[in-house]
1. Give me the base-10 log of I(q)/I(0) for the stretch 59-110 at each q in 0.26 Å⁻¹, Debye formula, one uniform scatterer per Cα, rounded to two decimals.
2. Based on DSSP, what percent of beta bridges with both residues in the chain are antiparallel, to the nearest 5?
3. Using just the C-alpha positions of the chain as equal point scatterers, what log10 of I(q)/I(0) does the Debye formula give at each q in 0.10, 0.19 1/Å?
4. Please return the longest stretch of the chain lacking exposed loop sites, where GluC sites (Glu not before Pro) count only if DSSP places them in a loop and at most 11 other Cβ atoms lie within 10 Å.
5. Post the alpha-carbon centroid distance, the stretch 20-53 to the stretch 109-155, in whole angstrom.
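Just so it is clear, none of the values below were taken in a lab; they were calculated from the coordinates. None of the values given here were measured: they were computed from a predicted structure. Virtual Cβ from ideal backbone geometry, glycine too; neighbours counted across all protein chains shown.
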Amino acid sequence: MHEKRFAGDVARLRSPERVERLEVARVVDLCLDGADAPFHTVLDVGTGSGLFAEGFAARGLDLAGVDAKPEMIAAAQSYVPAGQFREASAEALPYPDEAFDLVFMGLLLHESDEPLQALREARRVTRVRVGVLEWRYEDGDFGPPLAHRVSPDALVELARQAGFSRCETLPLTHLVLYRLTR
């Protein structure tokens, strides 16, 4: 159980090389673009050190975040003092149905013990959209081994099984963003 979860420290999550590869501003923009109405609330699932939480907060969104590791909650809170962070797993989100306009899962799904349940929970707590950022499905010198990555076909099928009405695939330089519509 949990063998695929990130085991490094906060400094490694915020290394300049990693931050550059994540394209935080571009990912945040793509998550927010193209909606029928503006987003006001976001839940960052698997927030880690709060890197993406910072990006969403900088856009003026009311931000909440969860992570399974208490040390990550403390780190995220230190970077985003206005955020509301809680310890929780992606498979059991402690929020009511449709509590957020956007749910974001940044490099989390490939670590989940139950990815389908994680997507079902994300769909349950969003009103509009879920953004899923994942590693490209290819061997690389950065990120997890291929065996731990989620293929595009597998992610699209998981989204279908979780009940999403639409799944858009947006390739980035090093990653892939999936926009799932409730």
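1. For the requested q values the scattering log ratios are -1.25.
2. Details: 13 of 32 bridges.
Bridges in the chain that DSSP calls antiparallel: roughly 40 percent.
3. -0.33, -1.41
4. Numbers: sites that count: Glu3, Glu138.
Longest stretch, sites excluded: 4-137.
5. Going from one Cα centre to the other spans 15 Å.
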